[in-house]
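Asks: Right, I'll just put the structure down here and ask away after.
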Amino acid sequence: MYIGIDDTDSKNGMCTTYLAAVLVERLQNYGEVVGHPRLVRLNPNIRYKTRGNGAIAVQLEEKSGYAARIEDVVVRTVEEMAEFDAPNTNPGIVILDEIPEEVKNFSKRAVQDIVAIKEAIDLAGRYGQVRAFKNGRGVIGALAAVGATLEEDHSYELIAYRQRERCGTPRHIDERSAFEANKATYPLTWDTVDITNNTIVFSPSSPCPVLFGIRGDDVDAIQKAFEMIRSEPVERHIVFKTNQGTDAHLMQGGMTSVKEERSYILGGAVSAPPHTIEGGHVIFSIAENGHKIDCAAYEPTKNFRDVVRKLCVGDEVTVYGAVKGHTINLEKIEIKSLVECFVRQNPICKCGKRMKSVGCNQGYRCKKCGTHAEASEHILIDRELDLGLYEVPPSARRHISKPLIRMSGNVHPSI
Ligand code: ATP
């Protein structure tokens, strides 16, 4: 059987992954957990999310005759641990014996699009057991987690949890040990630290029970990194199979058909040059077939903005990111071709001296030898920008965004 759970936490505490870790322990008596539990990141633009819009699913090879007992354990665990008093917490549980194609399709839509509570409850009810608490929104994530088979791509995350009495207090992690663990296991692990910005990125600052999470493609390397981290005591840890780092949220789109709160890959040519607005955000526009859209590299994307600032009108690019306020919030950019850019300069005289302008439309004269020239010189600028894919740094990366280190071709990973 497959058990999906979502929407059990609030900004003040808990985490659905922690509930999953406790549940997996409780389920040991009733069957065998198959593979790694799944942590599925859904549409990262959903306004109801607490943090990373994650939902979890566990596959259990249950002992015969225990189905009702297992359902009872799951419901009791959610009732005991979920933050029911928080206004935005609406837990959902789905239990299915198999994963029908319709549920797989629903899951894909929940990762990329916005789906309705009723659709989730009806669909889950048609194929299995569903428990909707409060307004039932959590059923969306619970069903989507069950339906995410991660056949196309996946990565792993080991999440270590804090002792309960420490939750809400500052976390104690030896940051040097995180840099050492990264050095020993990157690129099989990634997004532990942000070297360029000299910070660790694998530990949240919220009051939730997560101490840190180590992400990567190889469970042995993740385990090795885990053993290298020096920190406060770990209450428990668990390895999830996940769609993190896969770009599963991105849809190929046309500029006229993009919708708010969805994420796209869009091609075009730079139509308005980058400029920096208050707060340090860098904005430019791209256009295709007469339609244009703004693109933003926000301040938290730090050094990524240096790439964006070098763009010139006419450069061909492909942008990756979510649409918010008819603006693409950049997660990645591929520079496909660069136009030749020139600066205008006063001409250099044959005697070697740079000429001075005589006046408006009157050409240039050399002060040394008196030589006259009609036109200025156009100097080709070194664009100082290589073609290829660029990404925001680890400190600004969305859970579901694919780090370039996982991609091949002409990539410029940010480490
Ligand atoms: P955490 O990751 O820390 O567990 P969260 O960020 O996952 O928290 P939730 O508390 O799960 O946030 O809230 C997200 C809510 O949005 C859930 O009820 C989930 O079912 C719902 N949801 C997720 N994806 C979609 C979607 N594509 N369309 C509509 N609702 C969605």
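The values are calculated or read from the model by the stated rules, or taken from the named source; none is laboratory data. Worth saying up front: this structure is predicted, and the values here are computed from it rather than measured. No Cβ is skipped: glycine too gets one built from the backbone with ideal geometry, and neighbour counts run over all protein chains shown.
Asks: Take the residues in the range 7-37 that are farther than 24 Å from CYS167 by Cα and under 25 Å from the mean Cα position of the chain (by Cα), then tell me which one is nearest to the ligand (Cβ to nearest atom).
Replies: Taking the candidates together, the pick is HIS36.
Asks: Could you please tell me which pairs satisfy a Cβ distance under 7 Å, a separation of 6+ or placement on different chains, a first residue in the range 277-293 that is surrounded by fewer than 13 Cβ atoms within 10 Å (Cβ to Cβ), and a second residue that is not in a strand (DSSP E or B)?
Replies: GLY279/GLU299
Asks: For the range 30-52, check the following and say yes or no: at least one residue is in a helix (DSSP H, G or I) and in contact (Cβ under 8 Å) with a residue 24 or more places away in the chain.
Replies: Looking through the range 30-52, at least one residue is in a helix (DSSP H, G or I) and in contact (Cβ under 8 Å) with a residue 24 or more places away in the chain.
Asks: Return the residue satisfying two criteria in turn: it lies in the range 374-415 and is in a helix (DSSP H, G or I) and of a type in the set (A, V, I, L, M), and of such residues it is surrounded by the most Cβ atoms within 10 Å (Cβ to Cβ).
Replies: Once the filter is applied, the top-ranked residue is ALA396.
Asks: Taking ILE121 as the residue in question, decide whether it is closer than 24 Å to PRO87 by Cα, assigned by TED's automatic domain parsing to the domain that holds PRO87 and not in a helix (DSSP H, G or I).
Replies: no
Asks: Could I ask something else about it? What residue, among those in the range 149-167 that are in contact with a Leu (Cβ under 9 Å, 6 or more places away or on another chain) and of a type in the set (A, V, I, L, M), is nearest to the ligand (Cβ to nearest atom)?
Replies: Among those that are in contact with a Leu (Cβ under 9 Å, 6 or more places away or on another chain) and of a type in the set (A, V, I, L, M), it is ILE159.
Asks: Something else about it: Mind telling me which of the residues ALA225, ALA181, ALA248 ends up being buried (at least 21 other Cβ atoms within 10 Å of the Cβ), of a type in the set (A, V, I, L, M, F, W, C) and closer than 28 Å to LYS11 by Cα?
Replies: Working: ALA225 fails: closer than 28 Å to LYS11 by Cα; ALA181 fails: closer than 28 Å to LYS11 by Cα.
Exactly one of ALA225, ALA181, ALA248 is buried (at least 21 other Cβ atoms within 10 Å of the Cβ), of a type in the set (A, V, I, L, M, F, W, C) and closer than 28 Å to LYS11 by Cα, namely ALA248.
Matching residues to (1) part of a helix (DSSP H, G or I); (2) in contact with a Pro (Cβ under 7 Å, 6 or more places away or on another chain); (3) surrounded by fewer than 17 Cβ atoms within 10 Å (Cβ to Cβ):
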site	(1), (2), (3)
ILE95	no, no, no
VAL115	no, no, no
GLY125	yes, no, yes
TYR161	no, yes, no
ARG176	yes, no, yes
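One line per residue, one yes/no per condition, for (1) within 24 Å of ASN105 (Cα to Cα); (2) touching a Gly at 6+ places or on another chain (Cβ under 9 Å):
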position	(1), (2)
ASP247	yes, no
LEU250	yes, yes
SER257	yes, no
ILE265	yes, yes
GLY279	no, no
VAL282	no, no
ASN289	no, yes
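Asks: Kindly check whether there is at least one residue in the range 387-404 that is of a type outside the set (D, E, K, R) and without any contact (Cβ under 8 Å) to a residue 40 or more places away in the chain.
Replies: Scanning the range 387-404, I find no residue that is of a type outside the set (D, E, K, R) and without any contact (Cβ under 8 Å) to a residue 40 or more places away in the chain, so the answer is no.
Asks: Could you grab me the full set of residues in the range 53-91 that are of a type in the set (Gly, Ala, Ser), in a loop (DSSP other than H, G, I, E, B) and within 16 Å of the ligand (Cβ to nearest atom)?
Replies: ALA82, ALA86
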